[in-house]
Amino acid sequence: MTNVHGFNDLEQREDNKSSVPDNLVDSFTSVFCPRFTYRSISFASIVLYVFLFFSLWFVSWASGIRYYCILYYLGALHPPALMHFQLHRLVLPTFYHADFMHLMNNVISTFFLCFSIEHYLGVKRFIILYLGSSVCGYLLSAAALPKTFTVGASGAIMGMFGYYIIYIFFGLRQMDNRSYLILASMIFINLLLILSSPSGNFFAHLGGVISGAIISLIQADERSDLNVWKRWAKVAVIAYPAVCIAWFLYHRVEYYLSLIHICRCRRIERCRSRWSPYH
């Protein structure tokens, strides 16, 4: 004897089947990253980071060229090169990583943070937030540390934290306890790595958080209590890069003046040794 079900029961069964994860990957993403999808900028960035890292390490191993030399010629941030208008060094370092731990930290952070933000903002606004935070982080790094060599997507990841700061502070987005736990875990892990790693670039992370908060505030939906904050954020969009560029140029002028002073002192010493009666 068989039971006859209506179309509504059959549709409900199909929905229940589709909601059950098919494998371990789907089970993991359904718990920790419900907005995970392969057709996203976040997933494409993870694949690109991993592919570039292992490809460049293989090229370094096969050619005998040091890995960091390859990164430099491919556009890693080196502030003196910005004086020669190599502005691509503010964008390309986002896609490179210094070592395996650096790569894994950014891949894990991208996995847990970026998919939900991309789903909420949309592709265009997410790209602006992601790359804008990275570029502004590198601007502050170049201004504060004019002799450093920097790579990584940490500025962009910090921009995601800036996004959450704005959206939680102003109540622009509702989050469940699981999302708060994941966010707190990511903050703890990133702070631990920043403080424990001697090569961590604090200013790139700081610039990412600040610029991420500014961009998120500008992109937020119109609301009466946000009008004043939005105006200040629009001023900050102009003031932030202006201050970073001025600070960077100050360091460069100071550097060139020190070179002139050194050359002058050497010339004076050379003249003294040439005309000294005791020579």
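The values are calculated or read from the model by the stated rules, or taken from the named source; none is laboratory data. Please read these numbers as outputs of a predicted model, since none were measured by experiment. Positions of Cβ are generated from backbone atoms using ideal geometry, with glycine treated the same way; all protein chains shown enter the neighbour counts. Note: accessible area is taken over every heavy atom of the protein model, side chains too, but ligands, DNA and RNA are not part of it. Shrake-Rupley method; radii C 1.70, N 1.55, O 1.52, S 1.80 Å.
So here's what we get for this one:
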{"read-out": "Filtered residue count, the range 125-176, keeping only those that are in contact with a Gly (Cβ under 8 Å, 6 or more places away or on another chain) and among the small types (Gly, Ala, Ser)", "value": "10"}
{"read-out": "Unique residue being over 24 Å from PHE53 (Cα atoms) and open to solvent by 20 Å² or more (accessible area, probe 1.4 Å) when the list is LYS147, LYS124", "value": "LYS124"}
{"read-out": "Residue selected from the range 155-199 under the condition outside any helix (DSSP H, G or I) and at pLDDT below 75, by the criterion surrounded by the fewest Cβ atoms within 10 Å (Cβ to Cβ)", "value": "PRO198"}
{"read-out": "Residue check, PHE115 in a helix (DSSP H, G or I), open to solvent by less than 20 Å² (accessible area, probe 1.4 Å), modelled with pLDDT of 90 or more and among the aromatic types (Phe, Trp, Tyr)", "value": "no"}
{"read-out": "Residue match in the range 47-67 (condition: closer than 21 Å to ALA144 by Cβ and either of a type in the set (A, V, I, L, M, F, W, C) or touching a strand residue (DSSP E or B) at 6+ places or on another chain (Cβ under 6 Å) (or both))", "value": "no"}
{"read-out": "Given (1) within 15 Å of the chain's Cα centre (by Cα); (2) farther than 18 Å from SER134 by Cα, number of the condition MET101 does not satisfy", "value": "(1)"}
{"read-out": "Among (1) open to solvent by 20 Å² or more (accessible area, probe 1.4 Å); (2) in contact with a Ser or Thr (Cβ under 8 Å, 6 or more places away or on another chain); (3) assigned to a helix (DSSP H, G or I); (4) closer than 30 Å to LEU249 by Cα - the single one LEU139 does not satisfy", "value": "(2)"}
{"read-out": "Test: ILE108 is surrounded by fewer than 20 Cβ atoms within 10 Å (Cβ to Cβ) and under 24 Å from VAL50 (Cα atoms)", "value": "yes"}
{"read-out": "Condition check for VAL237: touching a residue at least 12 places away in the same chain (Cβ under 8 Å) and either in contact with a helix residue (DSSP H, G or I) (Cβ under 8 Å, 6 or more places away or on another chain) or assigned to a helix (DSSP H, G or I) (or both)", "value": "yes"}
{"read-out": "Hits in the range 79-100 - residues which are open to solvent by 50 Å² or more (accessible area, probe 1.4 Å), at negative phi and part of a loop (DSSP other than H, G, I, E, B)", "value": "MET83, HIS84, GLN86, VAL91, ASP99"}
{"read-out": "Residue selected from the range 18-65 under the condition open to solvent by 80 Å² or more (accessible area, probe 1.4 Å) and at pLDDT 80 or above, by the criterion farthest from HIS102 (Cα to Cα)", "value": "ARG39"}
{"read-out": "Hey, ILE70 farther than 19 Å from ILE46 by Cβ, hydrophobic (A, V, I, L, M, F, W, C) and assigned to a helix (DSSP H, G or I) or not", "value": "yes"}
